[in-house]
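Single-structure report; data block below.
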Amino acid sequence: MRARFTSQARFEFERIFSYLEEHNETAATAVDGLIEDRIARLADFPSMAPDTDELGVQESVIVRYPYIHCASKVTSRESD
């Protein structure tokens, strides 16, 4: 399975990252790495995040930061 941001989560992530980058580049880099790592792990361990009401979308809360990312499941057929 491959995981990716939903369009709404990508939009929110970009806003958060832009804000952090303006105010604290170190924090922006740390948050970016943490979220990207979480998405990569979700691809390997899809049961680590609960499903949402939207079919094929899981939600993962990053506790240290007030951020929730949603990733959609992509099967091998969809990624071709």
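Please treat every number below as a calculation from the coordinates, not as lab data. Computed from a predicted model, the values in this text were never measured in an experiment. Cβ coordinates were reconstructed from backbone atoms using ideal geometry, including for glycine residues, and neighbour counts include every protein chain displayed.
With a simple spin-label model that places each label point 7 Å from the Cα along the Cα-to-Cβ direction, the separation between GLU36 and PHE11 comes to 2.4 nm. Across the stretch 34-49, rounded Karplus estimates of 3J(HN,Hα) from the backbone phi angles (6.51 cos²θ - 1.76 cosθ + 1.60, θ = phi - 60°) give 5, 5, 4, 5, 4, 5, 4, 5, 4, 5, 7, 10, x, 7, 6, 10 Hz, Gly and Pro being marked x.
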